[in-house]
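The values are calculated or read from the model by the stated rules, or taken from the named source; none is laboratory data. If you're wondering where the values come from, they're calculated on a predicted model, not measured in any experiment. Counting neighbours? That spans all protein chains shown, and the Cβs are built from the backbone with ideal geometry, glycine included. When the accessible area is computed, the model is the full protein with side chains, heavy atoms only, and any ligands, DNA or RNA have been set aside. Shrake-Rupley method; radii C 1.70, N 1.55, O 1.52, S 1.80 Å.
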Amino acid sequence: MEDHAKLHTLLEEADAFARSRLSEGRYGHTLRVADTAEELARAHGLDEDRARLAALLHDAARESGPDEFLGLADEWGMPVGEQERESPKLLHGPVAAELAERELGVEDEEVLEAVRAHTTGRPEMGPLAFVLYVADKIEPARDYPSVGRLRELARKDLYRAAAEALRRAIAHNEERGRETHPASLKTLEWLEADHTAQPRIEQK
Ligand SMILES: [Fe+2]
Ligand SMILES: [Fe+2]
């Protein structure tokens, strides 16, 4: 009961945190991802409040500048790969997770993992992280040719939906001559390699 109350307070704080740090447009996106993550969690027997919390936090650092990302990563001793040096906004997930921990006292490791990994994915990430990854791609304002199919698939099979979304991101990068982040390639490989190796969706 106490945990439940604590989670509800955190949800309110995370909402206010996102609102204070983001433009109206991106805050709107955040709320739509939160509703979508909640729906997906419900469909797959996961904790809706924890999915909402991760979603409220996921883009909270998205509007920081490149120097701020690199400065904070350096200050906090966060790993910064080659791709992150080139495109520091890739750090917005890891930085948001760190801020959530430091400023809001979020301790739920699965929530933090989901926030950290939402941009590129991460092999072997947990079901909550897949909920957020997919919700970010299918929230109601997303509009691209395969989004309808992806929305349907997400309700039936979260992992197939995540694999679809990753393939789409990779194809999109290829069209634009951009390299795909190694973590995305590894996540897709991991999803495709062996279906029995996929994380089971744990009941709450
Ligand atoms: Fe993001
Ligand atoms: Fe997002």
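All conditions but one from (1) in a loop (DSSP other than H, G, I, E, B); (2) open to solvent by 70 Å² or more (accessible area, probe 1.4 Å) apply to Ala61; the one that does not is (2).
The set of residues in region 131-140 being touching a residue at least 40 places away in the same chain (Cβ under 8 Å) and either crowded, with 24+ Cβ neighbours inside 10 Å or over 16 Å from Arg26 (Cβ atoms) (or both) consists of Val131, Leu132, Val134, Ala135, Ile138.
Here Gly45 clears all of (1) at positive phi; (2) within 16 Å of ligand 1 (Cβ to nearest atom) except the condition numbered (2). When Gly25 is tested against (1) over 28 Å from Leu153 (Cα atoms); (2) open to solvent by less than 80 Å² (accessible area, probe 1.4 Å); (3) without any contact (Cβ under 8 Å) to a residue 12 or more places away in the chain; (4) not hydroxyl-bearing (Ser, Thr, Tyr), just one condition goes unmet, and that condition is (1). Taken over region 116-127, residues that are open to solvent by less than 10 Å² (accessible area, probe 1.4 Å) and either not small (Gly, Ala, Ser) or not in a loop (DSSP other than H, G, I, E, B) (or both) amount to 3.
Residues of region 53-71 that are within 16 Å of ligand 1 (Cβ to nearest atom) and in contact with a Pro (Cβ under 9 Å, 6 or more places away or on another chain): Ala61, Ser64, Gly65, Pro66, Glu68, Phe69. When you look at Asp143, is it within 15 Å of ligand 1 (Cβ to nearest atom) and surrounded by fewer than 24 Cβ atoms within 10 Å (Cβ to Cβ), yes or no? Spelling it out, it is not the case that Asp143 is within 15 Å of ligand 1 (Cβ to nearest atom) and surrounded by fewer than 24 Cβ atoms within 10 Å (Cβ to Cβ). Within region 171-182, the set of residues being free of Cβ contacts under 8 Å to residues at least 24 places away in the same chain and surrounded by 17 or more Cβ atoms within 10 Å (Cβ to Cβ) comprises just one member, Thr180. Within this structure, Arg50 passes the test of being closer than 12 Å to Ala114 by Cβ, open to solvent by 50 Å² or more (accessible area, probe 1.4 Å) and away from ligand 1 (no atom under 12 Å from the Cβ). State whether the residues of region 152-159 include one that is more than 16 Å from ligand 1 (Cβ to nearest atom) and surrounded by 21 or more Cβ atoms within 10 Å (Cβ to Cβ). Among the residues of region 152-159, at least one is more than 16 Å from ligand 1 (Cβ to nearest atom) and surrounded by 21 or more Cβ atoms within 10 Å (Cβ to Cβ), which makes the answer yes. Check region 96-112 and report whether any residue there is at pLDDT 95 or above, farther than 16 Å from Tyr133 by Cα, basic (Lys, Arg) and more than 16 Å from ligand 2 (Cβ to nearest atom). Yes, region 96-112 has at least one match. Only one entry in Glu152, Glu101, Glu113 is in a helix (DSSP H, G or I), over 19 Å from Leu11 (Cβ atoms) and free of Cβ contacts under 8 Å to residues at least 24 places away in the same chain, namely Glu152. Scan region 20-34 for residues that are part of a helix (DSSP H, G or I) and within 16 Å of ligand 1 (Cβ to nearest atom) and jot them down. Within region 20-34, Arg21, Gly25, Arg26, Tyr27, Gly28, His29, Thr30, Leu31, Arg32, Val33, Ala34 meet the criteria. Of the listed requirements (1) more than 21 Å from Ala169 (Cβ to Cβ); (2) under 11 Å from the mean Cα position of the chain (by Cα), Ala55 misses just one: (1). Scanning region 12-22 for residues that are under 16 Å from the mean Cα position of the chain (by Cα) and open to solvent by 20 Å² or more (accessible area, probe 1.4 Å) gives a single hit, Asp15.
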